[in-house]
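We did not get these values from a lab; they are worked out from the coordinates using the rules stated. Here the structure is a predicted model, which means the values were calculated and not measured. FYI the Cβ positions are ideal-geometry reconstructions off the backbone, even for glycines, and counts take in every protein chain you see.
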Amino acid sequence: MLAACSLLLAAALHAQDENEKQKHYDPTNWFAGGSVSLGFSGGSYSSFLVGLHPHYGYTVAKWIDFAAVANFEYQSQRDVYNNKYRTTIYGLGAFTRIFPVHFLFIQAQPEYNFIAQKFIPYNSGIGNIKSTLHAPSLLVGGGLTTSRSDKNTFTYLSILVDVIKDINSPYVDGYGNLLPIIRAGINIGLNRGKRK
């Protein structure tokens, strides 16, 4: 998975945009940024989720971006019996974004996540139960952006789903149903001072 991500990023660096007649490497095509995930629910089954997903990439053409991405996420849940569940997720991946128009994109993101879980039963005499899992994912979806006209600096909102649906994936529920992933983020163009 990591090798595939590296090849994807390497391909982005060597690709050329014929529409723009770009014949050489352009340092102003680099960008960085990231998105956040936040969720919570109350009631008898309460949950809280917070995540950070930084990325670093290169614009190959006006209509396509490639980037490497990291995942850091924490989830806390409490069930109706007052048992607690704690989950920490970290992983690596890469995404391709295709922009059919300047304010809309389609995204595909292969990634691999490592998951550390802790079950804290209400009856403390049982003791905590810890486990570690890992899972591949392929997130597919799309989103809306503010204008891309300012050399890769924009904000965005996306919704993705994991089409692999691995049993250990953090993006499916206990019944194997897809959970929509909603992320808000920012993209910042780099090396602005090097623009010709």
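Using unit Cβ charges (K, R positive; D, E negative) and no other charged atoms, how large, in debye to the nearest 20, is the dipole of the range 28-161 about its Cα centre?
160
In whole Å, what is the distance between the alpha-carbon centres of the range 135-165 and the range 32-85?
13
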